[in-house]
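The values are calculated or read from the model by the stated rules, or taken from the named source; none is laboratory data. The shown structure was predicted, so the numbers you read here are calculated from the model rather than taken from an experiment. When we count neighbours, we look across all protein chains shown, and the Cβ atoms used for this are built from the backbone with ideal geometry, even at glycine. Only protein heavy atoms, including side chains, enter the accessible area calculation; ligands, DNA and RNA are left aside. Shrake-Rupley method; radii C 1.70, N 1.55, O 1.52, S 1.80 Å.
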Amino acid sequence: MATPVLDKADATPEPGFADSPYITVTFRVRRFNPEVSAEATWQDFQLEIDPKERVLDGLHKIKWDLDGTLTFRRSCAHGICGSDAMRINGKNRLACKTLIKDINPEKPITIEPIKGLTVLKDLVVDMEPFFQAYRDVMPFLITKDTNEPTRERLQSAEDRERFDDTTKCILCAACTSSCPVFWNDGQYFGPAAIVNAHRFIFDSRDEAGEQRLEILNDRDGVWRCRTTFNCTDACPRGIEVTKAIAEVKRALITRRF
Amino acid sequence: MKIHKYDTVIVGAGGAGMRAAIEATKRSRTAVLTKLYPTRSHTGAAQGGMAAALANVEEDNWEWHTFDTVKGGDYLVDQDAAEILAKEAIDSVLDLEKMGLPFNRTPDGTIDQRRFGGHSRNHGEAPVRRSCYAADRTGHMILQTLYQNCVKEGVEFFNEFYVLDQLMTEVDGVRKSAGVVAYELATGEIHVFQAKAVIYASGGCGKFFKVTSNAHTLTGDGQAAVYRRGLPLEDMEFFQFHPTGIWRMGILLTEGARGEGGILRNKDGERFMEKYAPVMKDLASRDVVSRSIYTEIREGRGCGPEGDHVYLDLTHLPPEQLDAKLPDITEFARTYLGIEPYTDPIPIQPTAHYAMGGIPTNVQGEVLADNTTVVPGLYAAGEVACVSVHGANRLGTNSLLDINVFGRRAGIAAAEYSQKADFVELPENPESLVVEQIERLRNSTGNERVAELRRELQETMDANVMVFRTEQTIKTAVEKIAELRERYKNVAIQDKGKRFNTDLLEAVELGNLLDLAEVMAVSALARKESRGGHYREDYPNRDDVNFMRHTMAYREVGADGTESIRLDYKPVVQTRYQPMERKY
């Protein structure tokens, strides 16, 4: 027998999928619809749910079986598209990456829109200021080649690794809308835009680092960051956002990147 | 209602749409209408890579790639198109690198490449390293890079605009594209976009299955819009079931996991793919691997208490390799299954993944009204389209390639057309069909619920037209879909408002899924053979005499208003490769 036998398959149920009874949880959802009322309110929904399901599954149960007017954005449902950032039990998370069992289903689960962006309906916010800040940092490769190379530009594995962390950003706004500076002043670029500037500043192929640093040296730029680490905690992709911001600050001082 | 006028309108902002937009914006006044924000598209969920015979790490060439694509598609591929795909792959990858895409690198600093299913050296001798990748988030990087370049080029986006109708006007006996009608999610307002050229790049329709890797939003809106206007859909019976979806959830675990050395095992720990594909083993093409998995399950060698899945085993790979090459999928296993892939195998099952069929186009992305006639001003690219480069089964890494090669081609062709063409007059009351549809749904007092009908549709599709099909199961699906279509007439929604009415849009999307599911089932019933992703247990062999041809499905409306589907067939373009038995 050349192949190993995975005997534990029969012996014990697999770790994530033992047959578990459904439990009853309360979703306490922040509702707002200016077509109906100018006031936002809390609404409770009782759900029968498998604790290994996602918060997004719970929201779908509400929308599909209880109240079709509940409104939220979602698409891929596994943490890649960045549509469903929301404030769950007071913390910014993706609803599709948060399992019920991981957020204490004993108590009501509170679900609110992310903060600092205008709420348009229920959990839907105006993303335009967020994307504007992103566009303002020139989030694209800039080179000064007069003649494009025939083949690919070369880049060492180490140089590629240098900015790997910040390439993971999915523009979900969980970081920016967790930042107390951003809550108080929507003019601040916010962590996500700085992360995307970092992705190019530290890319060895890019030649516009100085320009981007000047943009971020602005009064609404990196110096507004107060290093509260909310952004790093909020990032569903595990990006070390605060570290990236610190690296941009350091690059501004030393002009080395 | 608002009327807008653009030279070129692109429907969809995923990979194909944005690749087209980068070209079209340089050449013509272009608008991109997208029901999601651009970076939300499901292109971002693609993981493993993009095929191109760069030969950076071992000998390779585009002819071998062409052959693999044709063979992978079980010879239903149009070979002229496959040759373009494989040839232009090389520049497509290099273009993306120049746009800034952070590919993984070799020690020499060139783009690194890895193995993938069905890609071989010298016509099937051994697996070859052809997939250019960025960890296991290549699709994410492509989507971000294309959006970055759209920002750079100043592409004009209309975000959260749902295109619900394709406008056609007859000019001198020729039906031409006149534009599209869109619904603005934020306000409920109807917008008519008059355009010289329209490109559909709105993605797939996998949400008619229950276990699927597809996003909730992949509801075939583009296919349905043109189909309702009497244009054909090609090869809709061919749907790909990716072998490694997370058990029950369907979330994709890249084939790159097997490219990196991952092994599929049954409950006895046996590497069962050795039996089914002695050369390519776990890296046989996806249809072959998915059938093998279900054969193991049916013969009682599945894992778990119900024996309904198998394992993807990565435990023999060094943790550093998993961290560097497969960080996202190992995280999915931890998040959604509570499993540590360093030490435990991951339970998987095949998951509905990709529509090989779609809106028929030629190699310029021009949409076909029948087997040969082009619809002036209408284009399609990406999963919504059928060129056909994927035939009966798409090879892994050929879809990220497809969107770049044919997105670019469609963008250039459409913009060049709109530079020289005139606007076609809009039909009278261009918005009428959409307004009627929206008002009917908003005002309906029927007793059917969208979620319930969708659930029943997904269950019948999973049970009857998935990896294994028979005349009996397909007929069951056809009957069930007919019943659901009837009940859909009584569907009612709860949200009657104008603002962000996603309740309404889900009802519209269900209508699209029902139309396309019917086309799929009817096309599958008529194809009495097994080929690629379409496997008929009652006709287990490929039948090149009777079925070496593309299905073309047309919606017909009788004088009394009854709808039916008419099937026609289109010859396959064969150039250098004669059909052979397919072995891996």
Point to revise | Extension gain from B:Arg440 to B:Arg566, taking 0.36 nm per residue of separation minus the Cα-Cα distance | key: 42.6 nm
Exercise for review: Starting from the Cα of B:Met1, step 7 Å along the direction of its Cβ; do the same at A:Ala38; then give the gap between the two resulting points in nm.
Suggested key: 3.5 nm
Check your understanding: Picking from A:Gly238, A:Val222, A:Gln46, whose Cα lies most toward the positive end of the charge dipole for chain A (charges on Cβ: Lys, Arg +1; Asp, Glu -1)?
Key -> A:Val222
Check your understanding: Roughly what angle does helix B:450-464 make with the longest principal axis of chain B, taking Cα atoms, 0 to 90 degrees, to the nearest 10?
Key -> 40 degrees
Exercise for review: Compute the distribution of all C-alpha to C-alpha distances in segment A:23-125, in bins of 5 Å from 0, and list the percent of pairs in each, rounded to whole numbers.
Suggested key: 3, 13, 25, 28, 20, 8, 3, 0
Revision key, fill the gap. Averaging 1/r across every pair of distinct alpha carbons in chain B and inverting yields a Kirkwood hydrodynamic radius, in angstrom, of 23.8 Å
Revision key, fill the gap. The Cα extents of segment B:432-540 along the principal axes, largest first and rounded to whole Å, are 51, 25, 20
Review point. Can you tell me the accessible area per residue over the protein assembly as shown, all protein chains present, probe 1.4 angstrom, in square angstrom?
Key: 34 Å²
Revision key, fill the gap. Its Cα gyration tensor gives chain A an equivalent ellipsoid whose semi-axes in whole Å, largest first, are 38, 28, 15
Practice item. Scan around B:Tyr200 for amide H atoms under 5 Å from its own, H built in the peptide plane at 1.01 Å from N, and keep only partners 5 or more places away or cross-chain. Key: B:Val11, B:Tyr379, B:Ala380, B:Ala381
Practice item. Could you order peptides B:544-553, B:527-536, B:390-399 by the average number of other Cβ atoms within 10 Å of their residues, highest first? Key: B:390-399, B:527-536, B:544-553
Practice item. Give the ranking of B:Arg582, A:Arg212 by solvent-accessible surface, highest area first, calculated with a 1.4 Å probe. Key: B:Arg582, A:Arg212
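Calculated FRET efficiency, B:Glu306 and A:Asp102, Cβ-Cβ r, R0 25 Å, to nearest 0.05?
Efficiency, rounded to the nearest 0.05: 0.45.
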Point to revise | Calculated SAXS-style log₁₀ I(q)/I(0) at q = 0.22 Å⁻¹ - segment A:156-256, Debye, Cα scatterers | key: -1.15
Check your understanding: Taking amide hydrogens as modeled 1.01 Å from N in the peptide plane, which residues meet the under 5 Å criterion relative to B:Phe158, leaving out close sequence neighbours?
Key -> B:Val32, B:Leu33, B:Thr34
Study note, to complete from the structure: Expressed as a whole-number percentage, the relative contact order of segment A:23-125 with C-alpha contacts under 8 angstrom and at least six residues apart is 34 percent
Exercise for review: Specify the longest stretch of chain A that does not include any exposed loop site, a site being one of the GluC sites (Glu not before Pro) with a non-H, G, I, E, B DSSP assignment and at most 10 other Cβ atoms within 10 Å.
Suggested key: A:107-257
Exercise for review: With a Förster radius of 22 Å, plug the Cβ-Cβ distance of A:Arg151 and B:Asp323 into 1/(1 + (r/R0)^6) and report the FRET value to the nearest 0.05.
Suggested key: 0.15
Study note, to complete from the structure: Mean other chain Cβ within 10 Å across A:234-243 is 1
Review point. Which three lengths, in whole Å and largest first, does segment B:36-179 cover when its Cα atoms are put on their principal axes?
Key: 53, 36, 22
Review point. HN-Hα J couplings of segment B:557-570 from phi, Karplus 6.51/-1.76/1.60, θ = phi - 60°, integer Hz, Gly and Pro as x?
Key: 10, x, 4, 8, x, 6, 9, 8, 10, 9, 9, 10, 9, 10
Practice item. Round to the nearest 10 and give me the degree value, 0 to 90, for the angle of helix B:15-27's Cα axis relative to the longest principal axis of chain B. Key: 50 degrees
Point to revise | q = 0.08, 0.18, 0.20 Å⁻¹, segment B:314-459: log10 I(q)/I(0) [Debye, one scatterer per Cα] | key: -0.47, -1.09, -1.15
Exercise for review: Please report the relative contact order for chain B, taking Cα pairs under 8 Å with a sequence separation of at least 6, and give it as a percent rounded to a whole number.
Suggested key: 21 percent
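Hey, got the dipole for the protein assembly as shown? About the Cα centre, +1 on K and R Cβ, -1 on D and E Cβ, debye to the nearest 20?
Around 1200 debye, computed over the protein assembly as shown.
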Review point. Expressed as cubic angstrom per residue, what is the convex hull volume of the alpha carbon set of segment A:179-220?
Key: 55 Å³
Check your understanding: Of the heavy-atom accessible surface of the protein assembly as shown (probe 1.4 angstrom), what whole percent is carbon and sulfur?
Key -> 48 percent
Exercise for review: Report the label-to-label distance for B:Asp172 and B:Asn447 in nanometres (one decimal), using points 7 Å from each Cα along the Cα→Cβ vector.
Suggested key: 5.7 nm
Practice item. Determine, from the Cβ-Cβ distance of B:Glu537 and B:Asn490 and an R0 of 51 Å, the FRET efficiency 1/(1 + (r/R0)^6), rounded to the nearest 0.05. Key: 0.90
Review point. What's the local net charge at A:Leu56, with K and R +1, D and E -1, over the other residues with C-beta under 12 Å away?
Key: +4
Check your understanding: Among A:Arg237, A:Arg199, A:Arg162, whose mean-square fluctuation peaks in a Gaussian network model of chain A (Cα, cutoff 10 Å)?
Key -> A:Arg162
Practice item. Would you calculate the separation in nanometres between label points at B:Glu459 and B:Glu331, each defined as 7 Å from the Cα along the Cα-to-beta-carbon direction? Key: 3.6 nm
Point to revise | Drop in accessible area of at least 40 Å² in the complex versus isolated chain, residues of segment B:317-343, 1.4 Å probe | key: B:Glu331, B:Phe332, B:Thr335, B:Tyr336, B:Leu337
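Need one value for B:244-256: mean number of C-beta atoms belonging to other chains within 10 Å of its residues' C-beta atoms.
Average per residue, whole number: 2.
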Practice item. Give me a single rounded figure for A:158-168: the average over its residues of other chain Cβ atoms within 10 Å of their Cβ. Key: 4
Review point. How far, in nm, would the chain grow between B:Arg27 and B:Thr295 when pulled straight, counting 0.36 nm per residue and subtracting the alpha carbon separation?
Key: 91.3 nm
Point to revise | Per-peptide average of other Cβ atoms within 10 Å, ordering B:359-365, A:132-138, A:143-149 highest first | key: B:359-365, A:132-138, A:143-149
Review point. Among rounded, prolate and oblate, which fits segment A:197-257 when a ≥ b ≥ c are the square roots of the eigenvalues of its C-alpha gyration tensor, a/c under 1.5 means rounded, and a/b larger than b/c means prolate?
Key: oblate
Exercise for review: Please calculate the 1.4 Å probe accessible area of B:Glu581, with all protein chains present, and give it to the nearest 10 Å².
Suggested key: 140 Å²
Review point. If amide H atoms are built 1.01 Å from N in the plane of the peptide, which residues on other chains or at least 5 residues away come under 5 Å of the amide H of B:Leu252?
Key: B:Ile246
Revision key, fill the gap. Normalised Cα Rg of segment B:240-349, dividing by 2.2 N^0.38 Å with N its residue count, works out at 0.97
**Study point:** Test item: Cα-centred dipole of segment A:23-125, Lys/Arg +1 and Asp/Glu -1 on Cβ, debye
**Key:** 420 debye
**Study point:** Antiparallel DSSP beta bridges within the protein assembly as shown, percent to nearest 5
**Key:** 70 percent
Practice item. Would you kindly calculate the translational diffusion coefficient of the protein assembly as shown, applying Stokes-Einstein with the Kirkwood radius from alpha carbon pairs, for 20 °C and a viscosity of 1.002 mPa s, and quote it in µm² s⁻¹ without decimals? Key: 79 µm²/s
Check your understanding: Ranked highest first by the average count of other Cβ atoms within 10 Å around their residues, in what order do A:221-227, B:241-247 fall?
Key -> B:241-247, A:221-227
Point to revise | Table column - 3J(HN,Hα) (Hz), segment B:247-260, Karplus curve with 6.51, -1.76, 1.60, x for Gly and Pro | key: 3, 6, 8, x, 4, 5, 10, 4, 4, x, 4, 7, x, 7
Study note, to complete from the structure: Residue by residue through segment B:39-54, the couplings from Karplus 6.51 cos²θ - 1.76 cosθ + 1.60 with θ = phi - 60°, in Hz, x for Gly and Pro, are 7, 8, 4, 6, 3, x, 8, 5, 10, x, x, 10, 7, 6, 7, 5
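Determine the calculated [θ] at 222 nm for the protein assembly as shown from helices alone, applying -39500 (n - 2.57) to every DSSP H run no shorter than 4 residues and normalising by the residue count; nearest 500 deg cm²/dmol.
Values: 25 runs with 269 residues, N = 841.
Here the helix-only value at 222 nm equals -9500 deg cm²/dmol.
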Check your understanding: Using 17 Å as the cut-off for backbone N distance, which residues of segment B:509-544 belong to the label zone defined by a point 7 Å from the Cα of B:Lys583 along Cα→Cβ?
Key -> B:542
